[in-house]
Amino acid sequence: MYQIFCSYQFLFYIILFFVSCKSRIESETLERIHPRNSKLIQSSVAFYKEVLPGLKGKKVMLVTNPSGIGQNPKRIQNEFNKNHVKIVSLLGLEHGFLGLEEDFSNQPVTVDKIFNLPIYHIYKLKKKELLKILNEVDAIVFDVQDMGMRCYTYLTVLKRIMDGISGKKVELIVLDHINPAMEIGPRGDSLEKDFENFAGAFPSLLFTGLTMGESANLYNSEYLKNKVNLNVIPVENFKRGMKFETLGIPWNTPSPNLPNLDSARNYFSLVLLEGINVSVGRGTPAPFVYFGAPWLKDREELSNFLDSLGKGKYYFQPIYFKPAFSKYEGKICLGLRMNLVEFNYDPIQLSYEIILYLKRNYKKDFQWVKWGSKYMVDNLWGSDRFRLAIEADLDYKNFHKEFSNKEITENKRIKKYYIYQ
């Protein structure tokens, strides 16, 4: 009997060993993989192979930057020429065709040096001017990496394009991308009409829960009655729930202050800090990784508070930094470095708790930043409710109750527009 027991015990440890090995292997697969080992097929592959030949003889407007096919202008020129497709103009995104510009262009139209073509800067164009140039072409090719957030301006550009060609023959071709916010889902509050601006005009929650292509499908269906001649080219072999880091997708910088995936991940929490008088690391080697100000004296206390809040999902390190431009240019800032350990946390809660803490503990120094006639955080959030809740010293749990039902409703609404299940 004892021998039988020992045999079973031995068998148990053998099974436990293999389960442990399997678990370690699975955990290792969560690490980043080389792009050549990726099973995903980017939308640009189908575009060049299947879609571009069908545009033969047509006039095209190109909307891209190095996060899309704009990373290889020479290939664009060669492939378009080979297929007898004429690029007649470019539509300028916030950071320019090369994605290097910190600020918006001061001119409505400039000449792009790579293509020697006019590049129209959409945020400087009047509505009539935009409608005219959009409807002078047969097709618009739209290919940029987005962040899955309403306040990231590329989604606003997509909306304005769709508004401008609704009911027209112009074809809109959207090369889809997977964004790092996919696993977060739809979160935050809805956009109020009085707070529409270039940093947020798309009718969604703060986090869309969708890819750019899925957002285009939703907007076309629910707001434009499918009057846009829309063609979304999907990424192949992606399924919801996959971590961005495991996909083998190279991070092609969509804007100067999101140079790497760490900045992109932290952006989800720290972008709302743009609405107060702290630096978020613009003008440093670590934008949206650092945040701070010359007056942030008690960094250790804030760090300890946030570490207890994160429960191991993130931690913060006290640092010094000196921005070369933007807020506190040339001044030494006392700040924190944000480090993510796990991605299943609430980025809105973290934003709220940081700002609430600073408002409570730095009464003489803390300020809300104005953007035109409104507060910047209101334009980012989509209403004044975020700011007013902090002004009222409301804890996050009670603030979240104000929009939690919207998150549930939105989660149901957007599912029919999923390209990826």
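The values are calculated or read from the model by the stated rules, or taken from the named source; none is laboratory data. Note that the structure is predicted; figures quoted are calculated from it, not measured. FYI the Cβ positions are ideal-geometry reconstructions off the backbone, even for glycines, and counts take in every protein chain you see.
For segment 333-371, the set of residues classified as buried (at least 16 other Cβ atoms within 10 Å of the Cβ) and β-branched (V, I, T) consists of I348, I354, I355, listed by residue number. Within segment 381-406, restricting attention to residues that are in contact with a Lys or Arg (Cβ under 9 Å, 6 or more places away or on another chain) and buried (at least 19 other Cβ atoms within 10 Å of the Cβ), the residue that is farthest from P186 (Cα to Cα) is I390. Can you say whether G70 is among the small types (G, A, S) and more than 24 Å from Y154 (Cα to Cα), as far as the supplied structure shows? Taking the combined requirement at face value, the residue does not satisfy it. Residue pairs whose Cβ atoms lie under 9 Å apart, separated by 6 or more positions or on different chains, with the first residue in segment 365-379 and charged (D, E, K, R) and the second assigned to a strand (DSSP E or B), are D365/A293; K374/N197; D378/W368; D378/W371.
Within segment 93-119, being farther than 17 Å from L175 by Cα and modelled with pLDDT of 85 or more holds for P108, V109, T110, V111, D112, K113, I114, F115, N116, L117, P118, I119.
Among the residues of segment 142-171, those identified as hydrophobic (A, V, I, L, M, F, W, C) and within 18 Å of E94 (Cβ to Cβ) are F142, V144, M147, M149, C151, L155, V157, L158, I161, M162.
Close Cβ contacts (under 8 Å, 6 or more residues apart or on different chains) running from residues in segment 37-66 that are loosely packed, with under 13 Cβ neighbours inside 10 Å to residues that are part of a loop (DSSP other than H, G, I, E, B) comprise N37/G248; K39/N237; K39/G248; K56/N83; K56/H84; K56/V85; G57/H84; G57/V85. Scanning segment 240-265 for residues that are in a loop (DSSP other than H, G, I, E, B) and either in contact with a strand residue (DSSP E or B) (Cβ under 7 Å, 6 or more places away or on another chain) or on the phi > 0 side of the Ramachandran plot (or both) turns up G241, G248.
Could we say that L155 is of a type outside the set (G, A, S), modelled with pLDDT of 95 or more and assigned by TED's automatic domain parsing to the domain that holds E192 here? Answer is yes for this residue. How many residues are under 18 Å from Y219 (Cα atoms) and either part of a loop (DSSP other than H, G, I, E, B) or not basic (K, R) (or both) if we restrict to segment 408-421? Residues that pass the stated criteria total 8. Within segment 258-275, the set of residues being over 12 Å from the mean Cα position of the chain (by Cα) and surrounded by fewer than 21 Cβ atoms within 10 Å (Cβ to Cβ) comprises P259, N260, D262.
In segment 234-256, the residues that are in the same structural domain as N179 (by TED's automatic domain parsing) reach residues that are hydroxyl-bearing (S, T, Y) and not in a loop (DSSP other than H, G, I, E, B) with C-beta atoms within less than 6 angstrom, at least six apart or across chains, in these pairs: V235/S43.
Among residues of segment 187-199 being touching a helix residue (DSSP H, G or I) at 6+ places or on another chain (Cβ under 8 Å) and over 15 Å from I122 (Cβ atoms), the one that is surrounded by the fewest Cβ atoms within 10 Å (Cβ to Cβ) is S190. With respect to the conditions (1) surrounded by fewer than 16 Cβ atoms within 10 Å (Cβ to Cβ); (2) over 25 Å from V377 (Cα atoms); (3) not basic (K, R), F80 lacks only one, and its number is (1). Applying the condition of being part of a helix (DSSP H, G or I), out of contact with any strand residue (DSSP E or B) (no Cβ under 8 Å at 6 or more places or on another chain) and not polar (S, T, N, Q) to segment 215-236 and asking which residue is nearest to Q421 (Cα to Cα) yields L218. When segment 393-407 is filtered for residues that are in a helix (DSSP H, G or I) and not charged (D, E, K, R), the ones remaining, listed by number, are Y396, N398, F399, H400, S404, N405.
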